[in-house]
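None of the figures in this text is laboratory data; all of them are computed from the coordinates on show. Just so we're clear, the structure is a prediction, and the values are computed from it rather than from any experiment. Because the Cβ atoms are built from the backbone with ideal geometry, glycine has one as well, and the counts that use them run over all protein chains shown.
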Amino acid sequence: MTDEVNSQGVARYIAAAQEAAGVHAAELAAMRACRFDTISVHGLYTMREAIENNQGSIIEPVYMSTSQGYRDSDQMEAALSYQVPSWAYSRIANPSLYYLEQTLALLEGYGLDVETSSCTTSSGMSAIASATDPFLAVDPTRPEAPINFVSTCQVYGGTFQQFSERKMKERGVECRWVQDATDLSEWESKIDGNTRFLYGELPSNPGQAFFDIGAVAQLAHSNELPLIVDSTVATPALLRPLAHGADIVVQSVTKTMASSGFAIVGAVISRKDLVSRFGSDEMKADFATYLKLLPNRDNGPNLSPMSAILALNDLRTLRSKIDLFSRSAMQVAEFLDSHPKVETVHYLGLPGHPLHALASRYMFLVDSEHDAQYGSPVNRYGHLLSFCVKGGAPAARTMFDAMQRIFRATDLGRVKSVATIPAISTHQQQGAEGRSLAGIAPNLVRLCVGGEHPDDIIADLAQALDAVNPEATT
């Protein structure tokens, strides 16, 4: 009799959750019909949510609490067995994280007729580990089979280290590096029966590598593999990889999305029913939710509620900021491209860049065709560029040290312009061989253009380049 009573009590909460799910689905459908900017501002934090659950607060609250209290044992049982939505414990979920995750899922899935979900993490690096590790588990049907994955070698230095050190050296998982990501045959040559996924970063940091996402996604799917894309530099304001066939997107939200620099945040956004010959049906049906409720519940790379709200607040003006940063970066790139002390400039927006035409097929300012300022689709290429100073590493360091307005830091996507020398900072640990593989020259300077007036950024670069001895550049 007791079990029957308990079952009836749990069923009551399940029925209530199903009713709430219907309301949620209607609100989700209504928001998906809105423009990108509206989604950025509101996400799924509706007027109903504000009034019924949050004292009418028009801004999402910060739930600085470790755990959720329950009305009774029935609700606790239903929640902790995942039969009803719950945030339970902030290592698993939290309302503040939910608001950010829903917004990210909507933005990455903007304009698509597919369902998306998101799982936030404590950093971009934990997002990469979260997105890739579930696919690298031992296959219980073939426990002795070797495991490999295929990745572009033009990736962020931390990604290179995670793949080469943490996965290859420590776990014996092989990363097969693709040197020319535009060569589809090179991708194909590295895939075999033990490959678990394909991985790429674009535009890459700092070298601006790019590849044909649609073609690589088709190749991945023809081999029953998922394509995972790091789209940190572009953000969904310029590029939505899921629209071109990618299965999972990784974002270091810390960077371009959270341009204020107040929070460290990562995110994994996935399409539902992704393609993969490895993994459970549950994992493939809704990867990000599976990740949140199972592996990340156990491993604990959780995000803090405060960081979630800080990042969410930055997202509200994402499209306009990316437009501003991109237009300024274009002016800066053109200045550097014509400067006598600059050897090469890597910026996809420059018509002379070898990947300009390819990038122009994919990188557009979202909703520019609906913007009164533009009225048609316009290409934008982001805030990040890099350039090599004539005279080698000593000249690059002289120029770098002479900057007065642009900050010297290993940061990216800030509202303040920031520069670094990757060979001695972000890519230092991967060694000379690894840097050579990824095309990171010792005199390469990475520049992330912020919200300052471009004239002032150019003026600082001009005076810094003046500090380089002319004899060093001949």
_Rounded to the nearest 20 debye, dipole of the stretch 94-315 from Cβ charges on Lys, Arg, Asp, Glu_ = 440 debye
*Alpha carbon centroid spacing (whole Å) that separates the stretch 433-474 from the stretch 309-358*: 14 Å
*Where Lys and Arg each count +1 and Asp and Glu each count -1, what net charge lies around VAL468 among other residues with Cβ under 15 Å from its Cβ?*
-2
*Figure the gain on full extension for GLN463 and ARG166 (residue separation times 0.36 nm, minus the Cα-Cα span) and round it to one decimal in nm.*
102.7 nm
_Sequence of THR120, THR398 once ranked by neighbouring C-beta atoms within 10 Å, starting from the fewest_ = THR398, THR120
*Note, ³J(HN,Hα) from phi for the stretch 391-398, Karplus 6.51, -1.76, 1.60, rounded to Hz, x at Gly and Pro*: x, x, 4, x, 5, 4, 5, 4
*asked:* Defining a contact as two alpha carbons under 8 Å apart and six or more residues distant in sequence, what relative contact order in percent does the chain show?
replied: 15 percent
*Could you tell me the convex hull volume per residue, in Å³, taken over the Cα atoms of the chain?*
152 Å³
*Jot down the radius of gyration and Dmax of the stretch 246-380, Cα atoms only, both in angstrom.*
19.2, 58
*Quick one: go through the stretch 65-89 and flag any residue whose amide nitrogen is under 18 Å from the point 7 Å out along the Cα-to-Cβ line of HIS24.*
68-71, 75-89
*What spacing in nm lies between the two simple spin-label points modelled at ALA393 and VAL41, each 7 Å away from Cα in the Cβ direction?*
5.1 nm
*Quick one: which residues, 5 or more positions from PHE197 or on another chain, have an amide H under 5 Å from its amide H? H modelled 1.01 Å from N in the peptide plane, none for Pro or chain starts.*
VAL150
*How would you rank CYS153, CYS34, CYS448, going from fewest to most other Cβ atoms within 10 Å of each one's own Cβ?*
CYS34, CYS153, CYS448
*When the C-alpha atoms of the stretch 159-254 are aligned to their principal axes, what extent does each axis show, in angstrom, from largest down?*
37, 30, 21
*Based on the Cβ-Cβ distance of GLU369 and THR410, what FRET efficiency does E = 1/(1 + (r/R0)^6) give at R0 = 25 Å, to the nearest 0.05?*
0.10
*Cross-chain or 8 or more residues apart, Cα under 20 Å: how many lysine pairs in the chain fit that? Count them up, please.*
9
*Amide H neighbours of GLU452 under 5 Å, at least 5 residues apart or on other chains, H built in the peptide plane: list them.*
SER417
*With the convex hull built on the Cα atoms of the stretch 318-473, state its orientation-averaged projected area in nm².*
9.4 nm²
_Helix 95-108 vs. the chain, principal-axis angle (Cα, 0 to 90°, nearest 10)_ = 60 degrees
*Against the longest principal axis of the chain, how steep is helix 2-32, in degrees 0 to 90 to the nearest 10, with axes from Cα atoms?*
40 degrees
_Per-residue [θ]222 nm for the chain (sum of -39500 (n - 2.57) over DSSP H runs n ≥ 4, rounded to 500)_ = -11500 deg cm²/dmol
_How much of the DSSP bridge set in the chain is antiparallel, in percent, rounded to the nearest 5?_
60 percent
_Dmax and Rg, reported as Rg then Dmax, of the stretch 94-315 (C-alpha, Å)_ = 16.1, 48
*Gain on full stretching of the segment that runs from HIS453 to ASN54 - 0.36 nm per residue minus C-alpha separation*: 139.7 nm
*May I ask you to sort GLU115, GLU144, GLU343, GLU60 by Cβ crowding, counting other Cβ atoms within 10 Å and putting the fewest first?*
GLU144, GLU115, GLU343, GLU60
*Any idea how far apart SER189 and ASP273 come out in nm if each label point goes 7 Å out from Cα toward Cβ?*
3.6 nm
*asked:* Per 0.36 nm of contour for each residue apart, how much would the distance between GLN218 and GLU282 grow if the chain were fully extended, relative to their Cα-Cα spacing?
replied: 20.7 nm
